[in-house]
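A quick write-up on the structure given underneath.
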Amino acid sequence: MVLEVSSLVCRCDRHNPAAEVTDLKTHAVGFVGAGQLARMAGEAASALGLSMVVLAEDPADAACAVASEVLIGSPQVAADLRALSERCDVITFDHEQVDLEIVAALAADGVVIRPGPGALELAVDKATMRQALVAAGLPVPAHQIIEPGPEAAAQLRAFGAAHAWPCILKTARGGYDGKGVWTIADEAQADAVVAELAGAGRLLAEELVSLDAELAVMVARRPNGDSLAWPAVETAQVGGVCREVLVPGRLGADVIEAATALGRQVADLAGAVGVMAVELFWSGGRLMVNEVATRPHNSGHWTIEGSVTSQFENHLRAVLGLPLGSTQPSHPQVASVNIFGGAAGQDPALLLGSALDVEGAHVHLYGKGARPGRKLGHVTVCGDQAEVVRERAWAAALALGTPRPTGLSLPARLAS
């Protein structure tokens with residue numbers, strides 16, 4: 001069912017937001033946003049017998065095909081979010097592109113929102129996230145928050161001089177998948193980019209970290225603070241976008257253990273409810289927190305086939321206050337590779353047979369319109385040998401039309 005948002009009767013149980021939700025009304029869960037994360041959560045909800053409503057901006061959004069009900073509206077409009085709240089017991093999120101003031105007002109009125117506004121702000125605002133991590137004594141790259149105004153360019157020039165060029169500049173809000181991020185080579189570029197970003201609000205300058213590896217930790221956390229973490233995984237980014245996830249990856253068990261513990265610290269600090277992703281840098285024998293996301297995340301897609309419980313099922317369990325499922329990997333090695341649109345804009349569904357011919361390939365297509373560079377799905381392969389699962393995952397992704405990434409070495413048999 002697809003509805004334009006309107007004034008509906010609220011049926012949510014809001015008396016004890018820390019309790020398990022057992023008196024399900026119209027829908028168990030409402031998702032703000034209807035992208036691929038909500039789509040995969042909807043598939044997990046169906047298996048659990050749960051009903052889901054989504055607030056979509058377009059009826060063609062990925063999750064609309066699997067939701068029990070679709071409301072067409074905007075996460076930036078208070079009436080649209082309130083209409084969503086009136087159709088479900090718990091509101092959660094497919095993305096962080098929301099108005100925090102509207103979310104906070106709904107929470108103040110008793111709407112059950114998980115994660116809550118405080119945790120959500122750490123994902124929405126990178127400057128606030130950095131301040132919270134520093135206050136807690138957790139490791140982060142050297143950085144400076146640059147307030148908007150006539151001194152902004154001078155602040156960035158001073159930061160670059162102190163920490164060496166090039167440096168990284170980010171918008172505090174609104175960036176994702178490499179958007180809202182610039183590598184600043186020198187003072188001249190600093191002046192130009194700051195001028196271009198006039199009106200963008202606070203900026204975040206950071207040192208350019210020399211990376212040995214990137215990792216991600218997924219943590220599932222209930223309203224009462226109970227939590228479980230999947231083991232940290234190794235990720236590879238190209239142009240700020242995740243291209244592959246390797247489990248457990250090529251780092252030592254001590255690094256994986258330390259990274260997993262750090263991810264859980266961040267989730268506890270945030271007071272997260274649901275699944276939270278913590279992206280980390282490994283540099284010179286040191287872990288640093290890079291980004292956070294208070295929702296299911298690309299680096300956790302491997303859990304659908306590669307873990308006892310997927311990130312999507314545990315996100316639903318957590319936001320509903322239900323017991324969490326085991327986060328143990330179900331195979332010694334897992335590789336997950338993202339599918340992107342090629343230059344010809346061909347729909348990967350037309351190439352499905354070639355990908356499924358790859359042994360062990362689990363293909364997930366998101367039902368999105370194909371265009372060059374757009375993330376259209378992912379492939380996961382599980383097994384016993386790291387090099388075999390990685391090669392097969394890439395073989396299936398390439399068969400679906402994914403362009404070969406620059407700056408990332410593919411398995412030898414696929415390199416040409």
For segment 178-189, check the following and say yes or no: at least one residue is under 16 Å from the mean Cα position of the chain (by Cα) and part of a strand (DSSP E or B).
no
I'd like to know if segment 203-220 contains one or more residues that are outside any loop (DSSP other than H, G, I, E, B), open to solvent by 10 Å² or more (accessible area, probe 1.4 Å) and of a type in the set (Asp, Glu).
yes
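Mind listing whichever residues of segment 88-104 are open to solvent by less than 30 Å² (accessible area, probe 1.4 Å), farther than 15 Å from Gly73 by Cβ and charged (D, E, K, R)? Give the derivation first.
If we filter segment 88-104 for residues that are open to solvent by less than 30 Å² (accessible area, probe 1.4 Å), which is where we start, we get 88-94, 96, 98, 100, 102-103.
With the extra rule that they be farther than 15 Å from Gly73 by Cβ, the set shrinks to 89-90, 92, 96, 100.
Scanning segment 88-104 gives Asp89, Glu96.
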Return a yes/no flag: does segment 219-238 have any residue that is out of contact with any Ser or Thr (no Cβ under 9 Å at 6 or more places or on another chain), modelled with pLDDT under 95 and of a type in the set (A, V, I, L, M, F, W, C).
no
If you go through segment 238-255 one residue at a time, how many are closer than 20 Å to Val140 by Cβ, over 18 Å from the mean Cα position of the chain (by Cα) and surrounded by fewer than 20 Cβ atoms within 10 Å (Cβ to Cβ)?
1
Among the candidates Leu351, Leu365, which residue alone is in contact with a helix residue (DSSP H, G or I) (Cβ under 9 Å, 6 or more places away or on another chain) and under 17 Å from Arg243 (Cα atoms)?
Leu365
Look at Ser283 and say whether it is more than 14 Å from the chain's Cα centre (by Cα), at pLDDT 95 or above and farther than 25 Å from Ile339 by Cβ.
yes
Identify the residue in segment 138-171 that is more than 19 Å from Leu122 (Cβ to Cβ), part of a loop (DSSP other than H, G, I, E, B) and in contact with a strand residue (DSSP E or B) (Cβ under 6 Å, 6 or more places away or on another chain) and, among all such residues, is most open to solvent (accessible area, probe 1.4 Å).
Pro166
From Ala107, Ala79, Ala63, grab the single residue that is open to solvent by 40 Å² or more (accessible area, probe 1.4 Å) and assigned to a helix (DSSP H, G or I).
Ala79
Considering only residues that are touching a Leu at 6+ places or on another chain (Cβ under 8 Å) and surrounded by fewer than 22 Cβ atoms within 10 Å (Cβ to Cβ), look in segment 386-403 and name the one that is nearest to Leu350 (Cα to Cα).
Ala399
Conditions (1) of a type outside the set (Phe, Trp, Tyr); (2) touching a Phe, Trp or Tyr at 6+ places or on another chain (Cβ under 7 Å); (3) part of a helix (DSSP H, G or I); number of the one not met by Thr402:
(3)
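The values are calculated or read from the model by the stated rules, or taken from the named source; none is laboratory data. Keep in mind it's a predicted model, so treat the numbers as computed, not measured. So basically every Cβ, Gly included, is an ideal-geometry build from the backbone, and we count neighbours across all protein chains shown. Note: areas computed on protein heavy atoms with side chains; ligands, DNA, RNA excluded. Shrake-Rupley method; radii C 1.70, N 1.55, O 1.52, S 1.80 Å.
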